[in-house]
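Before any comments, here is the structure.
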Amino acid sequence: MKNSNFFIIISCIAIFFTACQKEPSADFTTDKTTYIAGETVILNNTSIDADSYEWTMPDSQTSSSKNVSFITDATGSGGSLNFKLTAYSKNQKKSDNASKSVTLQAAIGKATFWNKYAESYRIQVTIGTQGEIINSNNTISPGCDAFNCANFELQPGTYSYTAIDLDWTPAGTWTGTIVINPAGCTTIELIDPEKSIKTL
């Protein structure tokens, strides 16, 4: 009889403590709402009455840390990244979920067109709806974003370009494609030794 009473008391205590477990409230913040591909998303846990956690990242990886960070794919093309946090009570019998999305933008790439032919100074370079003019020649490759070159900032991808010599008749022309890499820079020399129509 005593043993029976003991187990009843223990069961009541267990029920009491279980009932006393507060319902956790899951929540978290991100350090920004928009990220450039390759940046790190910092996730700060602001849950209330929680004892343990489970994060689910956009790549389906999980973590039980209180606060986490996530490195975005540097080659990502953009879109939404979704994060989920599950917060648990001390005995794991109560839980709550929170989800948030952030925006990922593709890392901008750059392109620089240049020319070293001594008699050609103005070349109109066009990519899509963007147009820039080379206003001077260079004896060596000037590198990215150089002064007097045709400089572009574009989303990663492959583009067609055209270029027209504005100083000569008949005008020399160039056509070709250029690959824009995330956060990279591509330089192209427009070679025109004979001032005739060129296709590169």
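The values are calculated or read from the model by the stated rules, or taken from the named source; none is laboratory data. These numbers come from a predicted model, not from an experiment. Note that we place each Cβ from the backbone using ideal geometry, even for glycine, and neighbour counts take in every protein chain shown.
Go through segment 91-130 residue by residue and tally those that are in contact with a Lys or Arg (Cβ under 9 Å, 6 or more places away or on another chain) and assigned to a loop (DSSP other than H, G, I, E, B).
4
Quick check on my filter: what residues within segment 170-187 are modelled with pLDDT under 90 and either surrounded by 18 or more Cβ atoms within 10 Å (Cβ to Cβ) or among the β-branched types (Val, Ile, Thr) (or both)?
Matches in segment 170-187: 172, 173, 182.
Return the residues of segment 18-67 that are within 21 Å of residue 104 (Cβ to Cβ), among the polar types (S, T, N, Q) and part of a loop (DSSP other than H, G, I, E, B); say none if nothing qualifies.
33, 60, 61, 67
Looking only at segment 147-169, count every residue that is under 11 Å from residue 113 (Cα atoms) and crowded, with 17+ Cβ neighbours inside 10 Å and tell me the total.
Matching residues across segment 147-169 total 6.
For the structure I just gave you, tell me whether residue 103 is at pLDDT 95 or above and over 18 Å from the mean Cα position of the chain (by Cα).
no
Determine whether segment 133-151 contains at least one residue that is in a loop (DSSP other than H, G, I, E, B) and closer than 24 Å to residue 105 by Cα.
For segment 133-151, residues in a loop (DSSP other than H, G, I, E, B) and closer than 24 Å to residue 105 by Cα: present.
Does segment 150-169 hold any residues that are within 17 Å of residue 136 (Cα to Cα) and at pLDDT below 85, and which are they?
Within segment 150-169, 167, 168 meet the criteria.
On the basis of being within 32 Å of the chain's Cα centre (by Cα), more than 30 Å from residue 181 (Cα to Cα) and either β-branched (Val, Ile, Thr) or modelled with pLDDT of 95 or more (or both), does residue 44 make the cut?
Judged against the criteria, residue 44 is a match.
Out of 150, 107, report the one residue that is of a type outside the set (Asp, Glu) and under 30 Å from residue 29 (Cα atoms).
Matching residue, one of 150, 107: 107.
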